[in-house]
Amino acid sequence: MRVAPAVLVFRLAILVCAFAPGSPSGAASGPVSLFNQANHAYSLGDYEEAATLYRQCLEAAQSVAVHYNLANTYTKLSRIGEAVLHFEKALVLEPAHAEAQANLTFIREASGLTAKESDMVQEVAHQLTLNAWCWVATFGIWGSIFLLLLPPLFGGGSLLSRVILLLSLLAIPVSIAAVLIYHKESRKIVILRDDTALRVAPSSESPPNAYILAGEIASIRTTHNEYFFVSADTGDTGWITEGEFGRIW
Amino acid sequence: MLNYLFNIFQAPPVSCHGNGSTELPGTENPGASERRRHVARGEATRNPWTHIVKVTLPARDVGERVSRAGAGPRVFKHRWCSSEFFGPAGAPAPLQGALMARLPNPGVPRLSTPGYLPAPRRGGVTANESMTLTRLSHKFQKRCGQIRATLRFLIVMMTTFSPVVSVNAQQTRISASFDPPAITLGERSLYQLKVEGSQESFSLNMPRVSGLKIDLQPRVSRSVQWVNGRQSVSITASFTTRPERKGTFVVPSWDVTIGGNIYRVPAASLKVVAPGEEFRDALIFRLQRPQDPVYVGQTLRCNLKLYVRSDIQIQLKSMPRKEGDAFTQSELTNEFTTAQENFRNLPYKVAVWPVILTPLKAGRQILTYQADVVVSSSSSARRRRNSLFDSIFDDPFFTRNRGEERTVFSGDIVFDVQELPKAGQPSHFNGAIGKFDVSNKASPTELTAGEPITLVLEISGEGNFDRVLAPKFDAATDFKVYSPKSEFTPSDTLGLQGTKRFEYILIPKSESVTSIPSIPFSYFATETLRYVDLSTAPIALTVLPAPEATAVYLPPAASAPVAAEIAEPAPAASLLPIQLLPGSWIDDAGPLYRSRGFMAAQGIPLVVLLSVVAVRRRRLRLQRDHAFARRISAGKAVRQRLQEAREAANEGDAEGFFQAACRAIQECVGKHFEQESEALTFVEIQHFLGSRGTEEKTLATTREIFDSADAIRFGGSSEETFDLRTWIGELSSLIRTLEALS
């Protein structure tokens with residue numbers, strides 16, 4: 001059977017794409033398979049199995065969808081702490097993920113968790129991912145340097161170059177501020193167990209200062225040996241140990 | 001071979017015929033033993049190593065068994081055949097000793113002329129047997145003569161170099177004992193006479209003991225040991241004794257003659273009890289304890305000892321039990337040590353349990369111990385005595401001998417327990433008794449108010465650590481102090497020694513705190529019977545004021561868990577569905593600025609920027625700086641003219657070569673002039689070179705090039721008169737010289 005050259009070229013291109021290094025279908029075939037199996041288990045109502053498969057998937061590679069689905073699975077299992085943790089992780093990877101935002105808001109309201117209002121700066125920062133802000137800062141800094149140093153050597157810049165310089169200069173503080181906000185949020189943790197005691201002192205002998213619910217967000221302020229002094233969004237502070245929370249970042 | 005000869009010489013076994021066959025055990029190799037068996041089977045005459053000597057004993061000296069065999073001369077057979085080995089008395093010294101040792105009162109046996117007689121059967125030998133054996137013996141004697149010369153040399157060598165010589169130099173020691181030292185009526189004990197350090201012949205004159213029947217046919221054994229390269233020889237004669245009544249029998253001290261010297265044999269006693277009384281004083285409980293007074297709360301390191309007389313064996317049915325509620329005691333385990341001690345002049349095997357006692361009450365307190373044991377008969381113990389693996393407690397506690405069940409009591413152990421003295425007792429004393437050291441450490445010592453400090457207090461030493469509690473110190477005004485965590489790490493199995501560690505968490509309330517106060521600790525020293533104060537020194541602190549965000553938070557009363565107050569969420573019903581596609585995969589979700597690749601990529605725009613700036617600035621300089629531009633262009637022009645000159649030289653074009661050479665010189669010098677280089681004359685060039693102090697040779701070469709060019713161009717000189725290959729080298733050297741001029 002004779003095959004047209006164009007068809008041959010097309011088939012060859014498909015093969016190259018299929019086996020090209022770094023292609024999602026090739027490199028992540030393991031995670032993809034696990035992801036599909038987990039989805040199947042989820043659809044059958046076997047949430048424990050689905051959660052196990054999603055976790056195995058995350059050990060190989062991360063994606064927003066895996067975190068999101070795992071968070072949904074934990075919600076089905078009434079493990080609110082882990083559910084909030086993985087919704088937050090999904091939003092770190094993609095702040096504009098609408099489903100994750102919606103489900104996170106929903107379980108917070110349903111569970112009586114504190115929802116801390118974001119200010120405008122945070123809202124702006126969350127318009128892009130952290131890495132996107134890093135690129136913005138990079139281009140802003142280098143653009144500003146180029147546009148400040150080169151036009152004098154070429155007899156002065158045009159209006160366009162001046163506008164670009166202005167934008168670059170403006171992008172620098174905005175992007176750095178956004179990166180700093182993300183950096184601050186990197187200390188955020190999620191309480192994993194209900195009635196977690198916030199101790200007054202970093203000691204097992206210490207009395208509890210307060211108890212907080214699973215899924216509450218807190219920030220690590222300092223550490224002392226195996227204890228972490230945290231400040232929860234509820235306003236409570238105290239010392240907890242590593243196993244009592246999950247890190248968003 | 002030498003070794004074999006040495007052995008048989010050192011320990012010649014003796015076979016005795018006519019008085020019942022008896023052998024003298026000694027150190028020998030298996031071959032010697034085999035040959036001795038041949039002798040016992042009556043194969044003596046076919047064995048070249050068998051020599052028969054006739055020993056004539058006086059009738060009055062013959063013992064009981066000898067008398068049964070009949071009076072008259074008795075024939076003893078010795079393996080060694082040579083009369084040269086006989087001692088002064090005419091018999092081998094070991095043989096003499098052996099013979100005499102096994103006779104009740106031998107005196108000095110008289111050896112008759114050696115003859116080669118057959119080994120007699122009981123009751124004597126026939127004439128035919130005697131003749132046959134005599135023939136064989138003569139034949140053997142002939143062979144012996146051949147061997148004798150060789151052996152004589154070997155013996156001389158052995159006696160010269162062997163350690164046997166040192167035996168004679170050893171000090172002779174005599175000991176006597178009964179084994180076992182205590183028996184029940186009807187049993188037998190061995191009276192053992194041990195001669196150490198001598199293998200000379202010895203004669204016995206043993207005293208008789210009323211009520212104790214001694215079998216005068218001793219069993220003689222000989223042992224050779226090597227200790228630190230020295231040989232130690234001992235001979236033991238064991239006499240079986242049988243008591244006829246119960247009581248204590250003492251074989252008094254008596255004399256024994258060894259090698260002509262008289263030695264004193266010490267007395268030995270044998271205890272004989274009626275059946276059933278043999279276990280009296282056989283099991284004893286004792287508590288090895290510190291001397292009084294002891295104090296309430298003091299930990300007493302004691303040893304509980306169970307003495308078991310060496311002639312019996314026991315099996316523990318239970319661990320020793322304490323009776324007495326005035327003491328607490330550490331747990332007794334199966335891990336006890338064993339020893340051997342003499343108690344009331346009797347050897348005992350001892351099991352030792354280390355035990356910690358703590359008095360609880362003051363006053364005269366009584367403590368007793370008891371244990372259930374099964375005591376086995378002494379005969380079973382004796383059967384095992386020669387076991388290769390016999391050790392002190394091999395079987396007493398682990399064998400399953402049938403025996404009598406008994407309970408062993410320790411009797412009352414009285415303690416004088418006192419209260420700790422009130423005089424000199426520090427107010428903060430909390431009951432520590434023993435000997436201790438204290439160290440403390442705080443971390444961090446520079447902090448802000450509200451941050452926690454870990455204060456570690458370590459108390460180490462020996463004493464009642466169970467009563468060493470966390471010292472309390474008054475810091476409530478400056479610190480928030482939480483109950484410390486305590487941990488004890490023992491350094492011995494009883495927990496009497498070790499280190500107790502207390503970890504306090506302190507939170508300074510304000511920046512006005514400057515130090516951690518002293519931690520009070522004192523103990524009662526049992527050695528000096530005084531209180532020792534080991535309170536720690538204060539630890540300096542640097543406390544900075546807390547920022548607003550981390551202001552010191554002192555806790556309110558702990559609120560109740562909040563989860564119970566909130567209804568169980570039921571969020572799962574309204575969740576948005578899961579996603580069916582995985583989306584893009586991310587290997588590393590970390591921030592980009594932590595990526596090394598990202599940071600390295602920042603070098604690219606930096607390199608581009610620097611390159612653009614450098615190129616642009618060079619171009620601008622070339623436009624603005626003519627001298628710089630001339631220097632740059634002169635270099636290029638010189639290289640171009642030189643290339644033209646080389647090509648002309650290769651073509652043999654002298655005119656072209658010299659014109660190109662002149663242009664190269666002009667370009668090279670022209671960068672120092674404002675005018676065009678092509679317009680430079682030789683005079684100007686000469687003037688310039690002179691002003692730079694150029695060598696005369698350079699000037700001459702330059703002049704010659706210019707003159708040659710003019711001569712060809714204007715004078716019509718022939719081109720063939722120039723060696724252009726030489727000129728190329730001259731020109732290159734000249735150009736290098738000119739370029740080097742500043």
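Restrict the check to segment B:728-738 and report whether at least one residue is surrounded by fewer than 19 Cβ atoms within 10 Å (Cβ to Cβ) and either in contact with a Gly (Cβ under 8 Å, 6 or more places away or on another chain) or modelled with pLDDT under 85 (or both).
no
Of the residues that make up segment B:282-301, is at least one buried (at least 19 other Cβ atoms within 10 Å of the Cβ), of a type in the set (Lys, Arg) and modelled with pLDDT of 80 or more?
No: zero hits.
Do we find a residue being within 44 Å of the chain's Cα centre (by Cα) and in a strand (DSSP E or B) anywhere in segment B:422-431?
no
Looking only at segment B:705-716, which residues are buried (at least 16 other Cβ atoms within 10 Å of the Cβ) and either at pLDDT below 85 or of a type outside the set (Phe, Trp, Tyr) (or both)?
Those that are buried (at least 16 other Cβ atoms within 10 Å of the Cβ) and either at pLDDT below 85 or of a type outside the set (Phe, Trp, Tyr) (or both): B:Ile705, B:Ser708, B:Ala709, B:Ala711, B:Ile712.
Among (1) among the charged types (D, E, K, R); (2) touching a residue at least 40 places away in the same chain (Cβ under 8 Å); (3) at the interface with chain B (Cβ under 8 Å from one of its Cβ atoms), where does A:Glu88 come up short?
Of the numbered conditions (1) among the charged types (D, E, K, R); (2) touching a residue at least 40 places away in the same chain (Cβ under 8 Å); (3) at the interface with chain B (Cβ under 8 Å from one of its Cβ atoms), the odd one out for A:Glu88 is (3).
Given the options B:Thr248, B:Thr241, name the one that is without any contact (Cβ under 8 Å) to a residue 40 or more places away in the chain, under 29 Å from B:Ala274 (Cβ atoms) and part of a strand (DSSP E or B).
Checking each option against the conditions leaves just B:Thr248.
With respect to B:Glu674, determine if the residue is in a helix (DSSP H, G or I), at pLDDT below 85 and more than 18 Å from B:Trp727 (Cβ to Cβ).
Criteria not met by B:Glu674.
For segment A:224-238, what are the residues that are in contact (Cβ under 8 Å) with a residue 60 or more places away in the chain and in contact with a Pro (Cβ under 9 Å, 6 or more places away or on another chain)?
none
Scan segment B:568-595 for residues that are at pLDDT 70 or above, part of a loop (DSSP other than H, G, I, E, B) and facing chain A (nearest Cβ under 7 Å) and jot them down.
Scanning segment B:568-595 gives B:Leu575, B:Leu576, B:Ile578, B:Gln579, B:Leu580, B:Leu581, B:Pro582, B:Gly583, B:Ser584, B:Trp585, B:Asp587, B:Pro591.
Return the residue satisfying two criteria in turn: it lies in segment A:235-249 and is charged (D, E, K, R) and farther than 16 Å from A:Ala115 by Cβ, and of such residues it is farthest from the other protein chains (Cβ to nearest Cβ).
A:Glu242
For segment B:282-333: of the residues being among the hydrophobic types (A, V, I, L, M, F, W, C) and outside any strand (DSSP E or B), which is nearest to the chain's Cα centre (by Cα)? Steps first, answer last, please.
At the first step, the residues of segment B:282-333 found to be among the hydrophobic types (A, V, I, L, M, F, W, C) are B:282-285, B:287, B:294, B:296, B:300, B:302, B:304, B:306, B:308, B:312, B:314, B:316, B:319, B:326-327, B:332.
This time we only want the ones that are outside any strand (DSSP E or B), so: B:282, B:296, B:312, B:319, B:326, B:332.
Numbers: B:Ala282: 39, B:Val296: 40, B:Ile312: 37, B:Met319: 33, B:Ala326: 42, B:Leu332: 28 Å.
Filtering first and then ranking leaves B:Leu332.
Residue-by-condition table, conditions (1) within 11 Å of chain B (Cβ to nearest Cβ); (2) in contact (Cβ under 8 Å) with a residue 12 or more places away in the chain:
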position	(1), (2)
A:Gln62	yes, yes
A:Glu82	no, yes
A:Pro95	no, yes
A:Asn103	yes, yes
A:Ser111	yes, yes
A:Lys116	no, yes
A:Glu123	no, no
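Based on this model, can you work out whether A:Tyr74 counts as more than 9 Å from chain B (Cβ to nearest Cβ), in a helix (DSSP H, G or I) and more than 21 Å from B:Asp588 (Cα to Cα)?
yes
What are the residues in segment A:91-139 that are crowded, with 21+ Cβ neighbours inside 10 Å and farther than 26 Å from B:Leu576 by Cβ, if any?
Within segment A:91-139, A:Trp133, A:Cys134, A:Ala137 meet the criteria.
In segment B:474-513, which residues are farther than 14 Å from B:Gly450 by Cα and in contact with a His (Cβ under 9 Å, 6 or more places away or on another chain)?
Listed by number, the list is empty, since nothing qualifies.
Determine if segment A:39-50 includes at least one residue that is without any contact (Cβ under 8 Å) to a residue 40 or more places away in the chain, within 17 Å of B:Ser584 (Cα to Cα) and of a type outside the set (Lys, Arg).
yes
Report, by residue number, each residue of segment B:467-499 that is touching a residue at least 24 places away in the same chain (Cβ under 8 Å), among the acidic types (Asp, Glu) and farther than 16 Å from B:His428 by Cβ.
The answer is B:Asp478, and nothing else.
Criterion first (more than 9 Å from every other protein chain (Cβ to nearest Cβ), touching a residue at least 12 places away in the same chain (Cβ under 8 Å) and loosely packed, with under 14 Cβ neighbours inside 10 Å) does B:Gly652 satisfy it?
yes
Kindly provide the set of residues from segment B:658-699 that are surrounded by fewer than 15 Cβ atoms within 10 Å (Cβ to Cβ), in contact (Cβ under 8 Å) with a residue 12 or more places away in the chain and farther than 17 Å from B:Thr737 by Cα, ordered by number.
Residue satisfying the conditions is B:Glu678 alone.
Which of (1) of a type in the set (Lys, Arg); (2) away from every other protein chain (no Cβ under 14 Å); (3) loosely packed, with under 14 Cβ neighbours inside 10 Å does B:Arg618 not meet, given it meets every other one?
Unmet for B:Arg618, out of (1) of a type in the set (Lys, Arg); (2) away from every other protein chain (no Cβ under 14 Å); (3) loosely packed, with under 14 Cβ neighbours inside 10 Å: (2).
Yes or no: segment A:78-85 includes at least one residue that is touching a helix residue (DSSP H, G or I) at 6+ places or on another chain (Cβ under 9 Å), surrounded by fewer than 19 Cβ atoms within 10 Å (Cβ to Cβ), part of a helix (DSSP H, G or I) and not β-branched (Val, Ile, Thr).
For segment A:78-85, residues touching a helix residue (DSSP H, G or I) at 6+ places or on another chain (Cβ under 9 Å), surrounded by fewer than 19 Cβ atoms within 10 Å (Cβ to Cβ), part of a helix (DSSP H, G or I) and not β-branched (Val, Ile, Thr): absent.
The values are calculated or read from the model by the stated rules, or taken from the named source; none is laboratory data. Being a predicted model, the structure only gives us computed values, none of them experimental. FYI the Cβ positions are ideal-geometry reconstructions off the backbone, even for glycines, and counts take in every protein chain you see.
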